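One structure below.
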Amino acid sequence: MDSIFLLQGEARASFLRTIGQALGCTYICIWSYIPSANNVLVSIDGWYSVNNDQPSSSSGSLPQSLFSAYRQYLYKIQNGRVPGFAFKQGMPCLQLHESDLLTWASTENQRRFYQEARIKVGADANLCL
């Protein structure tokens with residue numbers, strides 16, 4: 001799975017889309033650890049499966065907009081939340097159900113994304129696949 005970090009542009013996007021669809025995921029984010037004094041995770045790529053029954057506008061669906069905003073934030077791993085909890089604890093994967101996702105979310109925007117996209121189960125992974 002580490003090889004995904006070596007892929008660029010459309011090759012990585014295609015891989016994420018294929019994996020997401022094969023696993024029945026709503027979204028996938030790939031985070032990179034920045035080991036500076038900030039100890040943050042930064043999104044290097046992501047894929048979101050737009051659900052056709054969600055309202056949209058010319059700028060796309062609200063969940064899609066929230067997903068884009070969610071990926072723009074730098075997440076400190078020290079906060080004990082997701083994303084980053086599995087990484088900080090050295091766990092390969094942590095599966096979270098809806099109420100836990102909402103509780104463990106790092107930002108309000110992230111919570112809104114989970115709610116608007118109707119995410120029922122998520123994983124915080126340190127290479128889960």
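Quick note: the coordinates plus some simple rules give every number you see, no bench work behind them. Quantities reported herein were computed from a predicted structural model and do not represent experimental measurements. Heads up, the Cβs are rebuilt from the backbone with ideal geometry, glycines too, and the neighbour counts pull from every protein chain shown.
Can you tell me the relative contact order of the chain? Whole percent, Cα pairs under 8 Å, sequence separation 6 or more.
21
Quick one: pull the percentage of alpha-carbon pairs in the chain with a separation above 25 Å.
Considering the chain, 21 percent of its Cα-Cα pairs are separated by more than 25 Å.
Using θ = phi - 60° and the Karplus relation 6.51 cos²θ - 1.76 cosθ + 1.60, list the HN-Hα couplings for region 93-105 in order, rounded to whole Hz, with x at every Gly or Pro.
The phi angles translate into 6, 10, 8, 10, 8, 3, 5, 5, 4, 5, 6, 8, 4 Hz.
Using the Cβ atoms and a cut-off under 10 Å, what net charge is assigned to the surroundings of G122, where Lys and Arg are +1 and Asp and Glu are -1?
-2
Name the long-range amide H neighbours of K76: under 5 Å, sequence gap of 5 or more, or other chain; modelled H, no Pro or chain starts.
Under 5 Å from the amide H of K76: L41.
Looking at the chain as a GNM with Cα springs under 10 Å, which of P63, P35, P83 has the largest mean-square fluctuation?
Comparing P63, P35, P83 in a Gaussian network model of the chain, the most mobile one is P35.
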